[in-house]
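Accompanying notes for the structure given below.
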Amino acid sequence: MSTAPNWATLDLLLEEEPVQGFSGWLQELSLADVVQLACLEGGERVLIVRHGDQEGEIYFAGGEIVHAAYSGGTGQDAFFDILSWPSGSFWFRPGVAPERSIDAPWNFMLIEALRLADERRRKAAMAGDDHLKVLVVDDSPLVCKAMRKILEEGLNVEVVAEANNGRAALEMIEQHRPDLLTLDVNMPVMGGDVALMHIMIRSPAPVVLVSGLDARGAARVMEFLRLGAVDFVPKPEQASEWQRVAGRLNRSLNYAKQFSVHCVRRARSPKKVTEKARPGMPARRLAVVIGGIGGLLEAQKILPALPALQSTSVLVVQDMIADLVPHMSAYIDKFSALAVSPLQSGAPLLSSQCWLANWDAAWEVVADADGAAIRREEDGGEGLDAGRLLRSAAEAFGASLLVVVLSGTDLDLEDGLQSVVKKGGRILLQDPAGCLMPGPVENLRELELEDGVIEPEKVPETLAEWDRGG
């Protein structure tokens with residue numbers, strides 16, 4: 001979901017009956033906020049909005065938006081156009097709609113209006129200056145200084161502002177409209193988690209966590225990723241480690257203007273598992289889940305919801321920094337019926353076992369009479385060879401292989417997926433409409449190799465049915 005433009009000069013005048021009501025002004029309030037308040041209030045009134053020489057009217061009754069009109073038309077399109085106006089003034093007065101031109105629920109109307117406004121803004125940005133703007137949010141002046149140095153001098157992007165707490169960050173987002181934010185977890189006044197929730201609702205923008213990582217803080221990092229942060233980079237303990245931060249940030253910056261942040265749906269809070277399955281017999285089936293940018297969120301929708309799998313082993317290969325792998329494994333293992341562990345060379349593929357790896361190493365599936373395992377390729381060099389991984393998996397499991405490709409998987413998968421198809425395996429692609437970074441999945445759809453598209457929330461049920469032979 002996106003947000004309406006910054007209405008920095010707007011005044012809201014509330015007019016009620018003199019005896020019962022109040023009049024006054026609320027500054028720095030977005031038009032989207034006003035519409036939401038009017039719906040929640042439930043009264044019958046009209047919101048007048050002026051932008052230059054244009055004037056629009058939005059009517060409310062019974063807690064719903066019932067009519068909208070301006071010189072360009074009426075109904076839903078008029079409502080969407082009015083909410084896209086970048087500046088102006090607005091006020092309320094009592095009023096009854098002359099007709100009902102809008103029947104959709106108010107929350108749908110608001111979300112769609114904000115999405116369209118965000119889409120217009122992204123298209124304008126892509127058509128205009130390609131110079132990237134970053135907002136750095138951290139309460140440490142030293143960290144802000146280091147971040148500015150690597151971003152401006154090393155990555156050639158503009159740091160438009162620095163915020164030392166979440167509340168200040170929200171104000172600066174409205175003012176500067178950055179292409180990406182870096183966000184610390186622990187800050188005064190308003191912590192990073194509260195700020196992130198507000199950002200994703202009011203002013204969706206790509207957020208990369210830059211924070212400390214240890215066993216105690218890992219749960220908070222995973223919570224931020226569940227809420228919609230696009231990536232995580234550990235805050236360096238030594239000055240020499242900042243170059244690694246730059247390398248990881250550069251990956252997100254390269255795609256910042258391609259992100260569809262309004263498509264992101266946070267994952268539900270996981271519940272601790274009550275019955276834990278132990279890894280069982282050698283797996284007769286293998287599910288491979290490959291995720292790129294955006295996959296850290298989607299994996300949290302899939303893995304905690306998976307039931308015990310009687311014949312299937314799961315391999316998740318996710319684009320993330322290596323430091324996060326053991327912490328993410330330990331965190332998800334608390335909520336998953338499967339045994340979730342970091343992938344190591346020689347790991348056996350057993351039923352109800354889930355192995356988690358990043359893209360830094362090359363892996364292949366090997367099989368013999370005793371079962372299958374995953375081995376690190378000695379001659380594979382650095383980096384994942386996804387084609388080789390899928391070819392080896394298809395060779396070992398044939399029709400008993402299921403491949404799920406999530407958001408942002410910008411790998412060369414064509415040859416590997418063709419091998420999966422030739423051996424009778426199945427391929428599911430995340431529905432691009434829900435992807436943070438839909439481009440790679442849309443490109444794969446052009447190959448027409450998939451069996452279908454799927455929402456991440458439906459993967460557990462689909463995988464459980466497939467495990468039973470469905």
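FYI, it's all coordinate maths here, none of it is from the lab. Values in this document were obtained by computation on a predicted structure and should not be read as measured data. Glycine also receives a Cβ, built like all others from the backbone with ideal geometry; neighbour counts cover every protein chain displayed.
Which net charge results when you count Lys and Arg as +1 and Asp and Glu as -1 among the other residues whose beta-carbon is under 9 Å from that of Cys435? Summing Lys/Arg as +1 and Asp/Glu as -1 gives -3. Computed on region 285-467, with alpha-carbon pairs under 8 angstrom and 6+ residues apart, the relative contact order is 24 percent.
Determine the sum of side-chain charges near Ala330: Lys and Arg each +1, Asp and Glu each -1, restricted to other residues whose C-beta is under 14 angstrom from that of Ala330. Neighbour charge sum, excluding Ala330 itself: +2. Positive-end ranking of Ala117, Pro456, Gly56 along the dipole of the chain, with charges on Cβ about the Cα centre, is headed by Pro456. Entry note, the chain: the mean residue ellipticity at 222 nm calculated from DSSP H runs of n ≥ 4, each adding -39500 (n - 2.57), is -10000 deg cm²/dmol after division by the residues and rounding to the nearest 500.
Using the Cβ of Thr312 as centre and a radius below 12 Å, the other residues enclosed give a net charge of +1, where K and R count +1 and D and E count -1.
For the Cα trace of region 309-364, dividing Rg by the Kirkwood Rh returns an Rg/Rh value of 0.95. Each principal axis of the Cα atoms in region 48-186 has its own extent, and those three values, largest first, are 59, 34, 26 angstrom.
Among beta bridges from DSSP that stay inside the chain, the antiparallel ones total about 40%.
Under a model in which nothing but the beta-carbon of Lys, Arg (+1) and Asp, Glu (-1) is charged, the chain shows a dipole of about 1200 debye around its Cα centre.
Take every Cα pair under 8 Å whose residues are at least 6 apart in sequence, average their separation, divide by the length of the chain, and the relative contact order is 10 percent. For region 129-259, the Cβ-based charge dipole about the Cα centre amounts to some 240 debye (Lys, Arg positive; Asp, Glu negative; other atoms uncharged). Per the Debye calculation on region 129-259 with a single equal scatterer at every Cα and no solvent contribution, log₁₀ I(q)/I(0) for q = 0.12, 0.13, 0.18 Å⁻¹ amounts to -0.38, -0.46, -0.93. List the DSSP H helices in the chain whose Cα atoms stretch 18 Å or more along the helix axis and whose mean Kyte-Doolittle hydropathy is at least -0.5. Those that pass (Cα extent of 18 Å or more, hydropathy at least -0.5) are 106-127. Of the listed values [x] 45, 26, 20; [y] 43, 30, 18; [z] 71, 30, 19, grab the one calculated as semi-axes √(5λ) of the Cα gyration tensor in Å from the structure here. It is the one labelled [x]. Between Ser89, Phe335, His131, the Cα set farthest toward the positive side of the dipole of the chain (charges on each charged residue's Cβ, about the Cα centre) is that of Phe335.
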